[in-house]
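Okay, structure first, notes after.
A short reminder: the numbers here are calculations on the coordinates, not readings from a lab. In this text, all values refer to a predicted model and were calculated from it rather than measured experimentally. Every residue, glycine as well, gets a Cβ built from its backbone with ideal geometry; the counts of neighbours run over all protein chains shown.
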Amino acid sequence: MAKKELKMRAVVAPTETVIVSAYDKDGKADACTLAFYMVSSHVPPCVTIGINATQKRKTLKDMLETKAFVLGFPSVSQVKEADYLGVESGYQTDKLANIGFTTSPAETVYAPIINELALSLECEVIRTVTVGSHMQVTGEVKRIIADESILNERGRVVLEKLQPIIYDEEAGRYLSVGEKVADAFRSGIELKRTLEAEKHG
Ligand SMILES: Cc1cc2nc3c(=O)[nH]c(=O)nc-3n(C[C@H](O)[C@H](O)[C@H](O)COP(=O)(O)O)c2cc1C
């Protein structure tokens, strides 16, 4: 198939839309929406977020001061609120109060949990690395708190219940999670076995 070279940029679509919250030095909670988010370690469990350090982000300043943040997952029914938290700054107004979001202190770190989000990860900042325009902030997950309504009987998060918001930077839009297409770590193993059988048989 013919290939085309694209304009230089980091193609980030699709990613999960998350909301990070932190307290400032006066104990006031702020939060902002992020698309640059990844799981960066299983043991210990860590997540890494990328925040633009060249522009003013109150949430970044706060989490660097307190060495903590909470990573929350909004659902599709909260897409307007999530977008708002990404287009307004805590330097200008009390964003959380404006949209009726309330907070409770996290138990393991000094950061606010947004009560209205169904899944929250309490994180301690353990490392920062600046890469170009963005500071990569790695948080060790110290506690995970979830609404019972999004869990299955084994205590695992059910995506169809969480209904996370997928961010499509290419088209500048939000999507919901789609259909299951295969079982993870199974379809590849089946293919591996087939290829091995063809090679040896
Ligand atoms: C969908 C979406 C994704 C965003 N992703 C990021 C991101 O990954 N990193 C970042 O630095 N800013 C990101 N932003 C922008 C911040 O959320 C925005 O600058 C916010 O106003 C910062 O608020 P604060 O000053 O209260 O921290 C995103 C905004 C939106 C709407």
Report task. Neighbouring Cβ atoms within 10 Å as the yardstick, rank PHE101, PHE185, PHE69, PHE36 fewest first. Result -> PHE185, PHE36, PHE101, PHE69
Query - Extension gain from PHE185 to ASP26, taking 0.36 nm per residue of separation minus the Cα-Cα distance - result: 52.5 nm
Query raised in the report: Which entries in LYS61/LYS142; LYS67/LYS95; LYS3/LYS199 show an alpha-carbon gap greater than 27 Å?
Result: LYS3/LYS199
Query raised in the report: Taking the chain as a Gaussian network, Cα atoms linked when under 10 Å apart, which of GLN136, GLN78, GLN92 shows the biggest mean-square fluctuation?
Result: GLN92
Query - Selected from ASP168, ASP147, ASP183 as most flexible by GNM, with the chain as the system and alpha-carbon contacts under 10 Å - result: ASP183
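Per DSSP helix of 4 or more residues, -39500 (n - 2.57); summed, then divided by the residues of the chain. What does that give at 222 nm, rounded to the nearest 500? Intermediate results must be reported in sequence, preceding the final value.
Numbers: 5 runs with 38 residues, N = 201.
About -5000 deg cm²/dmol.
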Query raised in the report: Just the Cα atoms of the stretch 112-171, one point each, no solvent: what log10 I(q)/I(0) does Debye give at q = 0.21 Å⁻¹?
Result: -0.98
**Report entry** Highest-MSF residue in the chain out of GLU16, GLU116, GLU153 [GNM, Cα springs under 10 Å]
**Finding:** GLU153
**Report entry** Over the chain: Kirkwood hydrodynamic radius from C-alpha pairwise inverse distances, Å
**Finding:** 18.5 Å
Report summary line: So the angle from the long Cα axis of helix 187-200 to the longest Cα principal axis of the chain, reported in degrees to the nearest 10, equals 30 degrees
Query raised in the report: If each residue's Cβ is checked for other Cβ atoms within 10 Å, how do LYS28, LYS3 rank with the fewest at the top?
Result: LYS3, LYS28
**Report entry** Partner lysines for LYS192 [C-alpha distance under 22 Å; skip if fewer than 8 residues away on the same chain]
**Finding:** LYS180
Query raised in the report: How high is the FRET efficiency between SER77 and ARG156 when r is their beta carbon distance and R₀ equals 30 Å, given to the nearest 0.05?
Result: 0.90
